[in-house]
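Remarks on the structure that follows.
The values are calculated or read from the model by the stated rules, or taken from the named source; none is laboratory data. None of the values given here were measured: they were computed from a predicted structure. All Cβ positions, glycine included, derive from the backbone under ideal geometry; neighbour counts span all protein chains shown. Accessible surface areas use protein heavy atoms only, side chains included; no ligands, DNA or RNA. Shrake-Rupley method; radii C 1.70, N 1.55, O 1.52, S 1.80 Å.
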Amino acid sequence: MKQLEIMSNFLHHITQCILFASFFLIIMALLKILEFPDPKLRQRASEVTVFDNTLKTTCEDMLETMYNAKGIGLAAIQVNIIKRIVVIDLSEEKNNPLIFVNPEIIKISVDTKQHGEGCLSVPGIYENVTRPDSFIGKYHDLDGLEHKLEADGLLSVCLQHEIDHLNGRVFVDHLSRLKQEKIVRKLQKEKRRSLAEA
Ligand code: GNR
Ligand code: NI
């Protein structure tokens, strides 16, 4: 009898947990982030031509995924959506989501700048990358309207990093072969360690 009571209590708890979890699944979707050197990250993403509610939902899911992972930017290709969509939030309070559909660089500055970069698809790696200091570009918003853009500072760094993703490029491609090999080995070691723990 006592056993039956424990069992029923246990089932009650499990049911509550599932209800609780599904509540969150309804209001947000965390997407799985692909990790270097996954060949899926090497595809060229295709232009967005339809500006519908599916696109809006995709952007919301991407923002949730980016905030959850503590990133400042995310390209759709990183979550296995092969479309030219980028989300960014550079604000301290994480309350300024920016969405760039079909972002394009028109003109880069001659000046270059070195900046420390990390990537949600290359966890735990942080290296200096040299890129054009600023650029002029364009993008579409969620309604399909085209906007012009002059990016400098962190927005310039981050958008160039994201546009690289859309073209199948990852920030480690800008590093020396030796550094790239070291990074691959470090990530493999990290993966083996986490598999052994599980
Ligand atoms: O979270 C991120 N931080 C970051 C820091 C310096 C330069 C670029 C970035 S983007 C990165 C998130 C990411 O992987 N976007 O693709
Ligand atoms: Ni990245």
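For Leu187, Leu98, the ranking by accessible surface with the largest value first comes to Leu98, Leu187, using a 1.4 Å probe.
With +1 assigned to the C-beta of every Lys and Arg and -1 to the C-beta of every Asp and Glu, and no other charges, what is the dipole magnitude of segment 51-113 about the Cα centre in debye, to the nearest 20? Don't skip to the end; give the middle numbers.
Working: 7 positive and 9 negative charges, 48 e Å.
So the magnitude is around 220 debye.
With each run of n ≥ 4 DSSP H residues scored as -39500 (n - 2.57), what mean residue ellipticity at 222 nm is computed for the chain after dividing by its residue count and rounding to the nearest 500 deg cm²/dmol?
Mean residue ellipticity, 222 nm, calculated: -13500 deg cm²/dmol.
Entry note: segment 94-169 has Rg to Rh equal to 0.97, where both radii use alpha-carbon atoms and Rh is the Kirkwood radius. The phi-based Karplus calculation (6.51 cos²θ - 1.76 cosθ + 1.60; θ = phi - 60°) puts the 3J(HN,Hα) values of segment 139-153 at 7, 9, 8, 5, 8, x, 6, 8, 10, 8, 8, 10, 10, 9, x Hz, whole numbers, x for Gly and Pro.
Axis of helix 53-68 versus longest Cα principal axis of the chain: the two differ by about 80°, to the nearest ten degrees. Taking the longest Cα principal axis of the chain as reference, the axis of helix 2-27 is set at about 20 degrees.
The calculated FRET efficiency for the pair Lys182 and Thr49, based on their C-beta separation and a Förster distance of 30 Å, comes to about 0.15. Rolling a 1.4 angstrom probe over the chain with all protein chains present gives an accessible area of which 57% lies on carbon and sulfur atoms. Rolling a 1.4 Å probe across all protein chains gives His115 an accessible area of roughly 70 Å².
Over its Cα atoms, what ratio of radius of gyration to 2.2 N^0.38 Å does the chain give?
Details: Rg = 20.5 Å, N = 198, 2.2 N^0.38 = 16.4 Å.
Against the compact-globule rule of thumb, the ratio is 1.25.
Per-residue extension of 0.36 nm, minus the Cα-Cα distance of Ile108 and Glu92, leaves a gain of 3.0 nm for this segment.
The loop-placed trypsin sites (Lys or Arg not before Pro) in segment 90-160, going by DSSP, that have at most 14 neighbouring Cβ atoms within 10 Å of their Cβ come out as Lys94.
How many Å² of accessible area per residue for segment 40-198, probe 1.4 Å? Write down the numbers at each step before the final one.
Numbers: 8950 Å² over 159 residues.
I get 56 Å² per residue for this part.
Solvent-accessible area of Asp152, all protein chains in place: 100 Å² (probe radius 1.4 Å, heavy atoms, ligands and nucleic acids excluded). In this structure, the residue pairs whose Cα-Cα separation is over 19 Å, taken from Lys83/Lys182; Lys32/Lys179; Lys70/Lys94; Lys107/Lys148; Lys56/Lys107, are Lys83/Lys182; Lys32/Lys179; Lys56/Lys107.
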